[in-house]
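Colleague: First the structure, then my questions, so here it is.
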């Protein structure tokens, strides 16, 4: 199954594709923290990606947060090959690039469409040997706009910089 199907599926379907563990979270939180199995760990079986949430004393809230984190983790960790010869950006990535970082608020970053676009952008960047200028040129934007798009989200920036460090390249700032 392609990664896009995991990213754009509903929360319920993503949970159904995952192994769900409930456990007692440790750490601060008062007398109720260690009395209930409110923490949730989701292991996405097809991709092998894991996400946890132990932020709340409510198991349903933690499951909701874990699904969002799982979707983001799949987008950030699972790469798919891109053929640069005949590459045409998907409508999701084209809209993401055309909009720039202005419309990318906190609520936008929670959607599967956003993560699908970011996953495709990361795939394109990896296929282009992590070269910002070459990737920006393929998308028809400036190098500055490309850098801004990659650095607007801390998790995306961390993944890009980890990849660039591993390739012995200078991290983005």
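The values are calculated or read from the model by the stated rules, or taken from the named source; none is laboratory data. Remember, it's a predicted structure, so these values are computed and weren't measured experimentally. Cβ placement follows ideal geometry from the backbone for every residue including glycine, while neighbour counts extend to all protein chains displayed.
Colleague: Looking at the range 51-58, can you tell me whether even one residue there is out of contact with any helix residue (DSSP H, G or I) (no Cβ under 9 Å at 6 or more places or on another chain), in a helix (DSSP H, G or I) and not assigned by TED's automatic domain parsing to the domain that holds residue 134?
Modeller: no
Colleague: Further, regarding this structure: Considering each of 61, 12 in turn, give the residue that is exposed (fewer than 12 other Cβ atoms within 10 Å of the Cβ) and at pLDDT 90 or above.
Modeller: Details: 61 fails: exposed (fewer than 12 other Cβ atoms within 10 Å of the Cβ).
Of the residues listed, the single one that is exposed (fewer than 12 other Cβ atoms within 10 Å of the Cβ) and at pLDDT 90 or above is 12.
Colleague: Take the range 112-147 and flag every residue that is exposed (fewer than 15 other Cβ atoms within 10 Å of the Cβ) and part of a helix (DSSP H, G or I).
Modeller: 113, 133, 137, 143, 144
Colleague: A follow-up question, please. Which is in contact with a helix residue (DSSP H, G or I) (Cβ under 7 Å, 6 or more places away or on another chain) and assigned to a helix (DSSP H, G or I), of 155, 98?
Modeller: 155
Colleague: May I ask you to list pairs of residues, at least six apart or on different chains, whose Cβ atoms are under 9 Å apart, with the first in the range 113-142 being in contact (Cβ under 8 Å) with a residue 40 or more places away in the chain and the second being in a loop (DSSP other than H, G, I, E, B) and crowded, with 22+ Cβ neighbours inside 10 Å?
Modeller: none
Colleague: Report whether or not residue 51 is without any contact (Cβ under 8 Å) to a residue 60 or more places away in the chain, over 17 Å from residue 114 (Cβ atoms), surrounded by 18 or more Cβ atoms within 10 Å (Cβ to Cβ) and within 14 Å of the chain's Cα centre (by Cα).
Modeller: Values: without any contact (Cβ under 8 Å) to a residue 60 or more places away in the chain: yes; over 17 Å from residue 114 (Cβ atoms): no; surrounded by 18 or more Cβ atoms within 10 Å (Cβ to Cβ): yes; within 14 Å of the chain's Cα centre (by Cα): yes.
Criteria not met by residue 51.
Colleague: I would also like to ask the following. Given the conditions (1) without any contact (Cβ under 8 Å) to a residue 24 or more places away in the chain; (2) part of a strand (DSSP E or B), report the number of the one that residue 20 does not fulfil.
Modeller: (1)
Colleague: Among residues belonging to the range 84-111 that are modelled with pLDDT of 85 or more and within 23 Å of residue 46 (Cβ to Cβ), point out the one that is surrounded by the most Cβ atoms within 10 Å (Cβ to Cβ).
Modeller: For the range 84-111, the residue satisfying everything is 92.
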